[in-house]
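> To start, I am sharing the structure in question, which I have written as structure tokens.
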Amino acid sequence: MKSWVKLAAGAAAITLATAGCAGSGGTAEQPSSQANQPAQITGDVTVWLMDGSAPDTLTSALNKEFEDKHPGVHVKYEIQKWNGIQQKLTTALASQAPPDVLEIGNTQTPFFASQGVLADLTSSVADFNGSQWLKGLKDSGTFDGKQYGVPFYAANREVLYRKDMFEQAGITSPPKTTDEWLAAIDKLKAKYGSDKDFQPLYLPGQYWYALLSFIWDNGGDIAKADGAKFTATLDSAGAKAGLETYKKLVDQSGTTAPKDNDEATPQQA
């Protein structure tokens, strides 16, 4: 079977991937007079990026910069959809011609690292300014004490609100606690509840990105590491408190968001 060199990253990891291997269609040649110099690389390097992760202006600039430094290399970007990506990655990484550089979700990294199809980048962390990485991003690309992913980007979750409607409902400042949030929902319902199309909060039933925040905020977690194994902990007091908070927000707001939809149905924009 072909030896695979893969990493869970985006454009920031392209240089390492092509400097460390010949790419899917190239060769690495080491001139005898430059035994201590990096191998000369030629051929194609296939990079999988997810839809919407990086604008064309960014990838074009990176592509030009890289190919100017490595004139024998041609970078091929292939944009993938999140929907069905797990199975597509599994199939591609088991083939004889997998992509050379991958962008994959942080929740996917441990599985593929455990299968031995991702490159061990532990010794190269400093080359990617690892000292500047956020701990959470670094940890998300780590498996069994080794670094397999270079952080590409992170997203945060925010609650957006109508300042004018808050003021008209007598809410003088954004809520800072769950109780204040629930109280604000009641005030909004009292002010605008006569409008059948109004809802004080839109919260889908299976929005696990948001749900995890409530679980962690209450001191819970979804699993606990026990050596190489994980034990589910959604039955812990903290996890249950987070779930109850989520349920209160859904029930008290009367949100009409689908209760059986998740972040991929339909696929998030």
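> Using a 1.4 Å probe, what is the accessible area per residue for the range 60-120, in Å²?
54
> So, one more: Return P(r) of the range 199-269 (all Cα-Cα pairs; 10 Å bins starting at 0; whole %; ordered from short to long distances).
For the range 199-269, the pair-distance distribution reads 20, 41, 30, 8, 1.
> Using r as the Cβ-Cβ distance of residue 68 and residue 127, and R0 as 30 Å, what FRET efficiency do you calculate, to the nearest 0.05?
E between residue 68 and residue 127, to the nearest 0.05, is 0.95.
> Another question about this same structure. Sort 49-56, 115-122 by packing, meaning the average of other beta carbons within 10 Å per residue, with the highest value first.
The most tightly packed comes first, giving 115-122, 49-56.
> In Å², and per residue, what accessible area does the range 143-203 have when probed at 1.4 Å with the other protein chains present?
So the range 143-203 comes to 73 Å² accessible per residue, rounded to a whole number.
> When a/c is below 1.5 the answer is rounded, else prolate if a/b is larger than b/c, else oblate, so apply that to the range 122-238 with a ≥ b ≥ c taken from the square roots of the Cα gyration tensor eigenvalues.
Prolate, since a/c reaches 1.5 and a/b exceeds b/c.
> Which links in 135/187; 76/224; 163/240; 176/229; 224/259; 196/259 stretch past 30 Å when you go from one Cα to the other?
135/187; 76/224; 163/240; 176/229, as the Cα separations exceed 30 Å there.
> Quick one: which of 207-215, 150-158, 82-90, 223-231 comes out on top by average Cβ neighbours within 10 Å, and what's the full order, highest first?
Top to bottom by mean Cβ count within 10 Å: 207-215, 82-90, 150-158, 223-231.
> Also, I was wondering about something else. If you average the alpha carbon positions of the range 162-234 and of the range 54-87, how far apart do those two centres end up, in angstrom?
After rounding, the separation between the Cα centres reads 38 Å.
> In the range 127-259, what percent of the accessible surface is made up of carbon and sulfur (1.4 Å probe, ligands and nucleic acids excluded)?
The computed percentage sits at 52.
The values are calculated or read from the model by the stated rules, or taken from the named source; none is laboratory data. Fair warning: this is a prediction, and the values are worked out from it, not measured in the lab. Here Cβ is always computed from backbone atoms with ideal geometry, including for glycine, and neighbour counts include all displayed protein chains. Surface accessibility is based on the protein's heavy atoms, side chains included, excluding ligands, DNA and RNA. Shrake-Rupley method; radii C 1.70, N 1.55, O 1.52, S 1.80 Å.
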